[in-house]
1. Go through the residues of segment 16-24 one by one and say whether even a single one is of a type in the set (Gly, Ala, Ser), over 28 Å from Ile91 (Cβ atoms), in contact with a Pro (Cβ under 9 Å, 6 or more places away or on another chain) and crowded, with 16+ Cβ neighbours inside 10 Å.
2. Please verify whether Trp32 is surrounded by fewer than 16 Cβ atoms within 10 Å (Cβ to Cβ) and out of contact with any His (no Cβ under 6 Å at 6 or more places or on another chain), treating the condition exactly as stated.
3. Against the condition surrounded by 15 or more Cβ atoms within 10 Å (Cβ to Cβ), under 30 Å from Ala126 (Cβ atoms) and either free of Cβ contacts under 8 Å to residues at least 24 places away in the same chain or among the charged types (D, E, K, R) (or both), how does Pro85 come out, does it pass?
4. Looking only at segment 30-70, which residues are acidic (Asp, Glu) and under 26 Å from Leu14 (Cα atoms)?
5. Checking Ala11 against (1) more than 28 Å from Cys130 (Cβ to Cβ); (2) at pLDDT below 95; (3) touching a helix residue (DSSP H, G or I) at 6+ places or on another chain (Cβ under 6 Å); (4) buried (at least 18 other Cβ atoms within 10 Å of the Cβ), only one condition comes out false. Which one?
6. Take Ile6 and decide whether it is hydrophobic (A, V, I, L, M, F, W, C), closer than 22 Å to Trp80 by Cβ and under 35 Å from the mean Cα position of the chain (by Cα).
Amino acid sequence: MLFELIAVLTAGFLGGGLALILRRLVRVLPRWAVPVAAGCGMLGVAISLEYSWFGRTSEALPMGVEVALTHEAKAPWRPWTYAYPYVDRFIAVDRSSILTHENAPGQRLADLFVFARWQRTAHVKAVFDCEAGRRADITGATRLGEDGSLDGATWYDTGADNPVARRVCA
């Protein structure tokens, strides 16, 4: 976040500085062109960093961790996002962490990572019941029984078309 702030401020100084140099050389540009150029530079870099965040973050994922679900953001204060939405959060599945229980072969335990712009990455352990189309998050109150059943788990319907469940159950 600090580096992005530095990049935006640098772009503002460069944009304003270029406009100032042009104003001195050409002597035709109005005085207001300098702050407008600085603002345009800052806005351009901020937009570029927003749109490139997902690519930079997903490319840095370790081997075996795959993106399963993305969320595209649109906002009225960013009107260009209605034409070109950007990814502001996503869920990744650690394929190497997927485990099954011998007594419950239709269930899979997986590590999920929830990435969101400007937020800490959340690590979630979840059990997916691939046959029933449901998911339960593992918490401190969840216990695994001898038969592979989960005690104290809250199950949520995921449906057959949930991309995270499809990635874990594949």
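1. There is at least one residue in segment 16-24 that is of a type in the set (Gly, Ala, Ser), over 28 Å from Ile91 (Cβ atoms), in contact with a Pro (Cβ under 9 Å, 6 or more places away or on another chain) and crowded, with 16+ Cβ neighbours inside 10 Å.
2. In short, yes.
3. yes
4. Matches in segment 30-70: Glu50 only.
5. Result: Ala11 fails condition (2) only.
6. When the stated conditions are applied, Ile6 does not pass them.
The values are calculated or read from the model by the stated rules, or taken from the named source; none is laboratory data. Values in this document were obtained by computation on a predicted structure and should not be read as measured data. All Cβ positions, even for glycine, are placed from backbone atoms using ideal geometry, and neighbour counts span all protein chains on display.
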